[in-house]
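Data block below; observations after.
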Ligand code: GAR
């Protein structure tokens, strides 16, 4: 058993919440020493809210349409997260751009997952953009949130091949599967105090050395 107090997470969602579920599952398996202090959605009907309620986690809806600016919305969001004593904010399919109000309230304490190998394909519909562009490798990125959009220092990335017959949905699902693996890992590294931000780079303490031959080439060299 970990002797540290569990890291208090505030998970922000807008949609189905499969990343939220992956985080809940990793905590339940004992892989991450964290607890969900609150799940906040900016959309009242987000299916992820139901997931959170089923799991017995506190939820909060902060409907962005009730606010006249992004800053005002962020002030309400920050107040809710602070009231729940959140130590790490986890954007999990949260489709709002955060402003300096939130970023300054939680410096290097907000993570986001984006369905591309950043800095490629920032913004919406990244999977479709990757497919349309014709890349052979796509993927996902967990990064710290700064004042740019999909721009903060990168913590972990996973690459997946793109196959010729892929539809948007095929690629989205292949990427999502890896999202569910890397997001809990990033949160675990943070909780263990192993992440240090140095400019654009995130230094990770106690990583195993390089392992030769572990490359993903798409299409493969054989065949
Ligand atoms: C995920 O693919 C996530 O990377 C993406 O939304 C999906 C949410 O799925 N996020 C973004 O595009 C943020 N710019 P989920 O609600 O099932 O976790």
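The values are calculated or read from the model by the stated rules, or taken from the named source; none is laboratory data. Because the structure is a prediction, the values reported are computed rather than measured. All Cβ positions, glycine included, derive from the backbone under ideal geometry; neighbour counts span all protein chains shown.
Put simply, of 30, 56 the only residue that is more than 16 Å from the ligand (Cβ to nearest atom), surrounded by fewer than 18 Cβ atoms within 10 Å (Cβ to Cβ), under 19 Å from residue 186 (Cβ atoms) and modelled with pLDDT of 95 or more is 30. Being closer than 15 Å to residue 78 by Cα and buried (at least 24 other Cβ atoms within 10 Å of the Cβ) is the filter; apply it to the stretch 8-25 and report the residue that is nearest to the ligand (Cβ to nearest atom). Among those residues, the one meeting the criterion is 13. Out of all the residues in the stretch 195-210, which are buried (at least 17 other Cβ atoms within 10 Å of the Cβ) and either without any contact (Cβ under 8 Å) to a residue 40 or more places away in the chain or touching a helix residue (DSSP H, G or I) at 6+ places or on another chain (Cβ under 6 Å) (or both)? Scanning the stretch 195-210 gives a single hit, 195. The set of residues in the stretch 75-110 being within 10 Å of the ligand (Cβ to nearest atom) and out of contact with any helix residue (DSSP H, G or I) (no Cβ under 8 Å at 6 or more places or on another chain) consists of 91, 94, 95.
Does residue 177 satisfy being surrounded by 17 or more Cβ atoms within 10 Å (Cβ to Cβ) and at pLDDT 95 or above? In short, no. If you go through the stretch 111-137 and keep only what is within 13 Å of the ligand (Cβ to nearest atom) and either closer than 23 Å to residue 81 by Cβ or in contact with a strand residue (DSSP E or B) (Cβ under 6 Å, 6 or more places away or on another chain) (or both), you end up with 111, 112, 113, 114, 115, 117, 118, 130. Considering only residues in the stretch 140-154 that are in contact with a helix residue (DSSP H, G or I) (Cβ under 8 Å, 6 or more places away or on another chain) and within 14 Å of the ligand (Cβ to nearest atom), the one that is farthest from residue 100 (Cα to Cα) turns out to be 140. If I filter the stretch 111-139 down to residues being in contact with a helix residue (DSSP H, G or I) (Cβ under 8 Å, 6 or more places away or on another chain) and assigned to a helix (DSSP H, G or I), which single residue comes out as farthest from residue 216 (Cα to Cα)? Checking each candidate, the answer is 128.
A quick yes/no check of all residues on (1) touching a residue at least 60 places away in the same chain (Cβ under 8 Å); (2) surrounded by 11 or more Cβ atoms within 10 Å (Cβ to Cβ); (3) farther than 23 Å from residue 96 by Cβ; (4) touching a strand residue (DSSP E or B) at 6+ places or on another chain (Cβ under 9 Å):
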| position | (1), (2), (3), (4) |
| --- | --- |
| 158 | no, yes, yes, yes |
| 181 | yes, yes, yes, yes |
| 190 | yes, yes, no, yes |
| 193 | no, no, yes, no |
| 212 | no, no, yes, no |
| 216 | yes, yes, yes, yes |
| 221 | no, no, yes, no |
